[in-house]
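K.L.:
Pasting in a structure now, in structure tokens, and then I'll have a few things to ask.
The values are calculated or read from the model by the stated rules, or taken from the named source; none is laboratory data. Computed from a predicted model, the values in this text were never measured in an experiment. Heads up, the Cβs are rebuilt from the backbone with ideal geometry, glycines too, and the neighbour counts pull from every protein chain shown. Heavy atoms of the whole protein, side chains included, go into the accessibility calculation; ligands, DNA and RNA do not. Shrake-Rupley method; radii C 1.70, N 1.55, O 1.52, S 1.80 Å.
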Amino acid sequence: MYKKILVAVDGSEQAAKAALHGAELAAKLGADLILFHVVPALPSYASISPDQLGIVHQDVAKEFYKQGREILNQAMSELADYNINISKEISVGHPADEICKMVANCGCDLLIMGSRGLGQFKGYLMGSVSNRVCRLAGCPVLIMR
Ligand SMILES: Nc1ncnc2c1ncn2[C@@H]1O[C@H](COP(=O)(O)OP(=O)(O)OP(=O)(O)O)[C@@H](O)[C@H]1O
Ligand SMILES: [Mg+2]
């Protein structure tokens, strides 16, 4: 069955649920688990001159990246009890597109994610990332509610 499971994590409760579910499945199936986070890219207009703005842009980007690594470390630490092979991957860009790229590049055969994430507006069942990914990902997608 599944050999390589990718879990997309954004620091939300539902993504944490998705990671737990991924770990359960990986343990039962003898699959590898990859935790993946996308650091949202800053808008390009923030990187133009004057120089001061460029520096602020770099600092903010670095801080976002640091937070991304913390999100991955936290997700990994919550899976410490599972005797499975877990790795972490991070990239910068548009979350939905990066998740779909990662699915293609890592050759995973199942993607697990939350239906919603950290977004504040909760009017819809699915957020914009889960909505786009489940239409475009090149492998089966399991959405945790
Ligand atoms: N930056 C990200 N990196 C990795 N996975 C993500 C990221 N953002 C969202 N996800 C995944 O997508 C799931 C759904 O999140 P989504 O962003 O679609 O919902 P939302 O935050 O509630 O809504 P929106 O972002 O559209 O305001 C999350 O539980 C997580 O699994
Ligand atoms: Mg979101």
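K.L.:
Using the Karplus curve 6.51 cos²θ - 1.76 cosθ + 1.60 with θ = phi - 60°, work out ³J(HN,Hα) for each residue of the stretch 30-41 in order, rounded to whole Hz, and write x for Gly and Pro.
P.N.:
x, 8, 8, 10, 10, 8, 10, 10, 10, 7, x, 5
K.L.:
While we're here: Once ligands and nucleic acids are excluded and a 1.4 Å probe is used, how much of D32 is accessible, expressed in Å² to the nearest 10?
P.N.:
Answer for D32: close to 60 Å² accessible.
K.L.:
Give, rounded to the nearest 20 debye, the magnitude of the charge dipole that the chain has about its Cα centre when Lys and Arg contribute +1 at Cβ and Asp and Glu contribute -1 at Cβ.
P.N.:
So the magnitude is around 420 debye.
K.L.:
Now for a different question. Distance between the C-alpha centers of the stretch 66-101 and the stretch 110-145? Whole Å please.
P.N.:
16
K.L.:
Right, something else. Roughly speaking, what is the stretch gain from A41 to M1, that is 0.36 nm per residue apart minus the C-alpha to C-alpha distance, in nm to one decimal?
P.N.:
Additional length available on full extension: 10.9 nm.
K.L.:
What's the extension gain from A104 to Y124 if we count 0.36 nm per residue and subtract their Cα-Cα distance?
P.N.:
4.4 nm
K.L.:
Further, regarding this structure: I need the calculated FRET efficiency for the pair N73 and A27, taking r as the beta carbon distance and R₀ as 25 Å, to the nearest 0.05.
P.N.:
0.75
K.L.:
Tell me the mean residue ellipticity at 222 nm calculated for the chain from its helices only (DSSP H runs of n ≥ 4, each -39500 (n - 2.57), averaged over every residue, nearest 500).
P.N.:
That calculation yields -15000 deg cm²/dmol at 222 nm.
K.L.:
Could you give the Stokes-Einstein D for the stretch 78-133 in µm² per second, using the C-alpha Kirkwood radius, 37 °C, 0.692 mPa s?
P.N.:
The estimated diffusion coefficient comes to 247 µm²/s.
K.L.:
So if R0 is 30 Å, what FRET efficiency would K62 and S87 give, r being the distance between their Cβ atoms, rounded to the nearest 0.05?
P.N.:
0.85
K.L.:
Could you work out the pair-distance distribution P(r) of the chain from its alpha-carbon pairs, with 10 angstrom bin width and percents rounded to whole numbers?
P.N.:
The distribution over the chain is 12, 41, 31, 12, 3, 0, given as percents.
K.L.:
Ordering Y124, Y82 by how much accessible area each has at a 1.4 Å probe, largest first, what is the list?
P.N.:
Greatest to least solvent exposure: Y124, Y82.
K.L.:
In a shell of Cβ-Cβ distance under 11 Å around L136, excluding L136 itself, what net charge do Lys and Arg (+1) and Asp and Glu (-1) give?
P.N.:
+2
K.L.:
Quick one: which residues, 5 or more positions from D32 or on another chain, have an amide H under 5 Å from its amide H? H modelled 1.01 Å from N in the peptide plane, none for Pro or chain starts.
P.N.:
Excluding prolines and chain starts, which carry no amide H, the hits are K4, I5.
K.L.:
If I require 20 Å or longer along the helix axis, counting alpha carbons, and a Kyte-Doolittle average no lower than -0.5, what helices from the chain are left? Use full DSSP H segments.
P.N.:
Helix filter hits for the chain: 13-29.
K.L.:
Turning to a different aspect of this structure: If amide hydrogens are placed 1.01 Å from N in the peptide plane, which non-local residues have theirs closer than 5 Å to the one on I112?
P.N.:
Result for I112 returns L6, V7, A8, L142.
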